[in-house]
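Worksheet: one structure, shown below.
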Amino acid sequence: MTQSQRSQLSRIVIIGASLAGATAAIALRDQGYQGELTLIGEESQLPYERPPLSKALLLGERDEPDWVADEATYAEKGISLRLGTMATRIDRDRKVVVASRHEYPYDKLLITTGSSARRLDVHGSELDGLLTLRTLEESLALRERFTDGANVVIVGAGWIGCEAAAAARQRGANVTVVEPRSQPLLLVLGEQIGATFAALHRDHGVDLRLGTGVKGFAGQGTASAVLIKGGHSIPADTILIGVGAAPNIALADAAGLDLADGGITVDATLRSSDPDIYAAGDVAAHDHPKYRHRVRVEHWANAKDQGLHVAGNLLGAEAPYQLRPFFFSDQYDLGCEYRGFADPAKDRLVVRGDLASREFTAFWLRDGGVAAALNVNQWDDGDILQDLVDSGRPVSDKELVSS
């Protein structure tokens, strides 16, 4: 975009005061954009990063998340924050966003509305006391309940469920995890590596009920027991529903934007079916140049990196977003990093190290190259692993296990 074109771009609106949205707003100013810039978000807090919610904050090691920036930074950069404000409509014909009875005109619009915790549609799901972990308030409320001797039941053994279970156990609670699949994290890590995480939690005293579905919840007004298949009931002081997240795409759907794979369809540059509207973070179903299918990623690094990248494209760069997914997790004394995008049901697993000691690196191979790598309690090879995943170069099992 030329300087003349930049000067004609006078109004950018971002819906979603999330990590992706706030990162994009700051990057726009850092890249020289001088027009109006409005960031609209439903939560009342300043934009923050979510990983500490299920880690350090839930453990009580800190009381605040990582803020994307302090309030003074937004003021200094001329970013108009509209917090505690719900966007209710995108009028594409008039190019305005309607939020809290106000209209915000735009030349370019970015949607970074993130995800909401999924709920279960089972008997008793209308009862109070079925908690989720997605916001700062929810994390602080859970921490108050994760006390010595409390009976905590967590439904779902994904990343949130596993991290919450670890935090609850470390704070002295009795923890039961109910998971319908055969292993924790099965869809991401597969049977063998999932079993390693199952052993980790059992070694720390978690009652792990695998292959067990939830029939419903029981209680007088407030849920006090989880009903599982087979007619059994698990009493609970606290019930956490950790069955994944649903991208917040209702606004985009109502505006007539194309949707795919549960998200907003965007091309390689993160542009939607409307040339003046972009999407980033959890909601973006991205035509990734490095994959043969759309990719929608619900992790911290993706939100931050896409937010930074899309700023340039809003200003006319038209550059494809090509970074591979990355995330990390901490559970008890286990730390891990995952790079790439694997399908453990199809990709071939090669392991270097010792699963039993929980010091290993797992590789998922596809077409002779490394589709994804997970390093567990090993921290020296991050750059090498990133290169293997990024390059996709042919590699032998011998090279992987001996390197």
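The values are calculated or read from the model by the stated rules, or taken from the named source; none is laboratory data. Note that this is a predicted model, so its numbers are computed, not measured. Quick reminder, even Gly has a Cβ in these numbers, built from the backbone with ideal geometry, and neighbours come from all protein chains shown.
Structure notes:
One line per residue, one yes/no per condition, for (1) of a type in the set (Phe, Trp, Tyr); (2) surrounded by fewer than 17 Cβ atoms within 10 Å (Cβ to Cβ); (3) farther than 30 Å from Arg92 by Cα; (4) within 20 Å of the chain's Cα centre (by Cα):
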{"position": "Ala223", "(1), (2), (3), (4)": "no, no, yes, no"}
{"position": "Thr238", "(1), (2), (3), (4)": "no, no, yes, no"}
{"position": "Ile249", "(1), (2), (3), (4)": "no, no, no, yes"}
{"position": "Gly256", "(1), (2), (3), (4)": "no, yes, no, no"}
{"position": "Gly262", "(1), (2), (3), (4)": "no, yes, no, yes"}
{"position": "Val266", "(1), (2), (3), (4)": "no, no, no, yes"}
{"position": "Ser272", "(1), (2), (3), (4)": "no, no, no, no"}
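- From Gly172, Gly161, residue being in the same structural domain as Leu136 (by TED's automatic domain parsing), farther than 24 Å from Ala245 by Cα and not in a strand (DSSP E or B): Gly172
- Among the residues of the range 344-361, those that are among the charged types (D, E, K, R), assigned to a loop (DSSP other than H, G, I, E, B) and out of contact with any Phe, Trp or Tyr (no Cβ under 8 Å at 6 or more places or on another chain) comprise Lys346, Arg358.
- Hits in the range 53-109 (condition: without any contact (Cβ under 8 Å) to a residue 40 or more places away in the chain, surrounded by 14 or more Cβ atoms within 10 Å (Cβ to Cβ) and farther than 19 Å from Glu42 by Cα): Ala56
- Among the residues making up the range 366-385, those that are crowded, with 19+ Cβ neighbours inside 10 Å and within 16 Å of Pro325 (Cα to Cα) are Val370, Ala371, Ala372, Ala373, Leu374, Asn375, Leu385.
- Residue satisfying condition, being over 25 Å from Glu138 (Cα atoms) and not in a loop (DSSP other than H, G, I, E, B), within set Ala246, Ala199: Ala199
- Which listed residue, of Gly172, Gly205, Gly219, is touching a helix residue (DSSP H, G or I) at 6+ places or on another chain (Cβ under 9 Å) and of a type outside the set (A, V, I, L, M): Gly205
- Boolean, Arg348 is under 22 Å from Ala285 (Cβ atoms) and without any contact (Cβ under 8 Å) to a residue 40 or more places away in the chain: no
- Only a single criterion out of (1) surrounded by fewer than 21 Cβ atoms within 10 Å (Cβ to Cβ); (2) assigned to a loop (DSSP other than H, G, I, E, B); (3) not charged (D, E, K, R) is not satisfied by Leu133, namely (1).
- Applying the criterion of being assigned to a loop (DSSP other than H, G, I, E, B) and of a type in the set (Asp, Glu) to the residues of the range 93-125, the residue that is nearest to Gly242 (Cα to Cα) is Asp121.
- Counting only residues that are in contact with a Gly (Cβ under 6 Å, 6 or more places away or on another chain), part of a loop (DSSP other than H, G, I, E, B) and of a type outside the set (A, V, I, L, M), the range 202-237 holds 1 of them.
- Residues satisfying the stated conditions in the range 166-200, i.e. hydrophobic (A, V, I, L, M, F, W, C), more than 18 Å from the chain's Cα centre (by Cα) and crowded, with 20+ Cβ neighbours inside 10 Å: Ala166, Ala167, Ala168, Ala173, Val175, Val177, Val178, Ile193, Phe197, Ala198, Leu200
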